[in-house]
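Novice: One structure coming up, written as structure tokens, with questions to follow.
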Amino acid sequence: MITNRIREHRKSNGLTQQELAQRTGVTRQTIGLIETGEFNPSIKLCLAICDALNVTLNDLFWIPAEERRAYESIGNKKHS
């Protein structure tokens, strides 16, 4: 499954969802929803998360083309 890497980087920084939320000005629930892919954050929030985790947007969200194509082909089969 394709997901963002916020949880992985948050944990490697030793932060809880609550701590990351406080650093970025959102609720713990928002961080949880972002980590599970149920909420797409604004670019402003993405940048705040990157700053809090000391990473780039690519570190969190870049998906290699091969992986994207595999995911898209699965999605296309579901809609056939």
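Novice: Does the range 1-35 hold any residues that are in contact (Cβ under 8 Å) with a residue 24 or more places away in the chain and in contact with a Ser or Thr (Cβ under 9 Å, 6 or more places away or on another chain), and which are they?
Specialist: Thr3, Arg7, Arg10, Thr24, Ile31, Glu35
Novice: Out of curiosity, is Glu38 in a helix (DSSP H, G or I), at negative phi and either exposed (fewer than 14 other Cβ atoms within 10 Å of the Cβ) or out of contact with any Phe, Trp or Tyr (no Cβ under 8 Å at 6 or more places or on another chain) (or both)?
Specialist: In short, no.
Novice: Mind listing just one residue for me: the one in the range 35-75 that is among the basic types (Lys, Arg) and modelled with pLDDT under 95 and, of those, farthest from Thr16 (Cα to Cα)?
Specialist: Within the range 35-75, the match that is farthest from Thr16 (Cα to Cα) is Arg69.
Novice: Would you pick out the residues in the range 1-33 that are of a type in the set (Asp, Glu) and crowded, with 16+ Cβ neighbours inside 10 Å?
Specialist: The answer is none; no residue qualifies.
Novice: Which pairs do you get when a residue that is among the small types (Gly, Ala, Ser), found in the range 38-66, comes within reach of a residue that is outside any helix (DSSP H, G or I), reach meaning Cβ atoms under 7 angstrom, with the pair 6+ apart or on two chains?
Specialist: Ala48/Gly25
Novice: How many of the residues in the range 41-70 are assigned to a loop (DSSP other than H, G, I, E, B) and under 9 Å from the mean Cα position of the chain (by Cα)?
Specialist: Residues in the range 41-70 being assigned to a loop (DSSP other than H, G, I, E, B) and under 9 Å from the mean Cα position of the chain (by Cα): 1 in total.
The values are calculated or read from the model by the stated rules, or taken from the named source; none is laboratory data. Small disclaimer: the values here were computed from a predicted structure and weren't measured. Backbone-built Cβ (ideal geometry, glycine too); neighbour counts: all protein chains shown.
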